[in-house]
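Following: one structure in structure tokens, then a few remarks.
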Amino acid sequence: MDRLLVDPRSWGLMLAATLTVMSNATITPSLPGLEAAFADDPLAPTITRLLITAPSLLVAVVAPLAGVLTDRLGRRRPLLWGLVIYAIAGTAGLYLPTLETILASRLALGLGVALIMTAQAALIGDYFDGPARGRLVGYQMAATNLGGLIFVTTAGALAAIDARLPFAIYGLAVPLFPLLWRILPEPPRAAGGRGPVARHELPADPGWRMVATVMSGAAGLTFVIFYAVPTQLPYHLQGIGLTDPRHAGVVMGAMMASAAVMSVVSGLVRLGRIATPVAGYLGLAGGFAAIALAQGLGMAMAGAALIGAGLGFCMPTFITTALNAAPARYRGLVSGLITSAIFLGQFLSPLASTPLVAHLGYPGAFLTGATGFVVLAVALIAMLRRQAPAVQVKRISE
């Protein structure tokens with residue numbers, strides 16, 4: 001058995017990760033019911049949709065600042081503050097009286113998500129070295145996808161009872177607080193408090209700033225294209241005759257399950273810093289093309305599974321490459337930049353995909369997405385090959 005799986009810190013970090021990337025989508029099944037419940041509000045159609053994207057916007061803005069905070073104050077305090085904010089703001093939709101106040105609570109939720117994501121990502125770099133770090137990021141991505149699958153499925157059942165009940169899912173942060181307090185210790189700090197004490201690991205990459213920038217940009221652009229799946233796929237399925245809402249759930253489930261499996265595999269099968277994300281991009285491109293050409297449920301599920309596999313293969317690499325390159329005292333900042341890029345990509349995705357759908361239709365938009373992933377693969381190869389000092393080459397196996 002992998003020693004990571006018997007380390008309680010690994011499980012704590014995986015549990016923290018389940019609260020983050022998919023947190024926005026948890027209340028998706030509630031949107032029609034909330035719009036109906038506030039039908040007297042003329043802005044209800046607009047505000048209910050903003051409830052999904054508002055946390056992403058705030059995370060994108062504050063995550064770099066949250067990263068700096070974790071570098072200056074340590075990792076535990078921002079993580080625990082984030083859990084408190086997450087629980088209070090996330091569950092506020094259970095009782096707030098207007099859509100406007102619920103929207104404000106969703107913005108506050110974004111602050112909690114930013115603190116949790118940046119702190120737990122920095123802790124991965126502090127606790128673990130080399131290949132173990134990469135494997136844990138893969139496990140963590142798997143936990144995130146499985147958590148998203150469970151949360152969205154549970155939210156659908158709760159929304160059938162009452163549109164506000166899915167907000168209760170955010171209360172999971174309450175029992176996690178004492179658990180994470182206990183099993184996630186603060187890493188030893190260097191003299192003067194400037195970051196954690198470095199262990200026996202390679203020195204910081206002299207080009208780490210550019211590596212972090214490239215990885216953040218790649219992560220953000222990946223999510224700009226990828227997030228067309230949750231935002232546009234249900235409508236595309238309706239267009240090919242798959243009108244039952246359960247069809248969209250099955251297709252999304254295939255994607256999340258595949259992403260969970262491949263996230264684990266990506267930590268075990270190391271093709272290198274360039275080849276690994278490129279392989280993921282090719283999987284994403286193939287999946288988008290299959291979705292575009294799908295005429296039935298089987299093809300749609302196969303395409304979604306390929307998309308999930310591609311995402312699970314490339315995303316952990318972006319995080320581990322940036323953490324491996326950066327000095328220990330800047331890991332919070334680096335994790336904040338990647339977090340910001342991911343959520344900015346989520347926020348921008350509908351703005352990019354909706355005009356494509358209007359001009360090209362859903363098949364054309366998904367084929368354009370497939371082409372975009374091929375372009376990203378070529379661009380990533382070109383940029384990373386320009387950065388290859390000897391110390392970077394040593395990190396490829398990480």
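Tabulated values for the structure
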item	result
About the Cα centre, charge dipole magnitude for the chain (Lys/Arg +1, Asp/Glu -1 at Cβ), debye	1340 debye
Percent carbon-and-sulfur accessible area, the chain, ignoring ligands, DNA and RNA, probe 1.4 Å	72 percent
Inter-part distance where the stretch 276-353 and the stretch 14-53 are each reduced to a Cα centre, Å	23 Å
By average C-beta atoms within 10 angstrom, highest first, the peptides 52-58, 6-12	52-58, 6-12
For the chain, calculated [θ]222 nm from helices alone, where every DSSP H run of n ≥ 4 adds -39500 (n - 2.57)	-26000 deg cm²/dmol
Dimensions in Å of the stretch 1-155 - Rg and Dmax from alpha carbons	16.9, 57
Mean separation of Cα contacts under 8 Å, 6 or more apart, over the residue count of the stretch 34-188: relative contact order %	32 percent
Taking the chain and dividing mean pair separation by its residue count, relative contact order in percent (alpha carbons under 8 Å, at least six apart)	25 percent
Among Ala63, Ala160, Leu184 the positive-end extreme of the charge dipole of the chain (Cβ point charges)	Leu184
The chain: radius of gyration and largest Cα-Cα distance (Dmax), Å	20.3, 64
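The values are calculated or read from the model by the stated rules, or taken from the named source; none is laboratory data. Keep in mind that this is a model prediction, so the values were computed, not measured. Quick reminder, even Gly has a Cβ in these numbers, built from the backbone with ideal geometry, and neighbours come from all protein chains shown. What goes into the accessible areas is simple: the full protein's heavy atoms, side chains included, and nothing from ligands, DNA or RNA. Shrake-Rupley method; radii C 1.70, N 1.55, O 1.52, S 1.80 Å.
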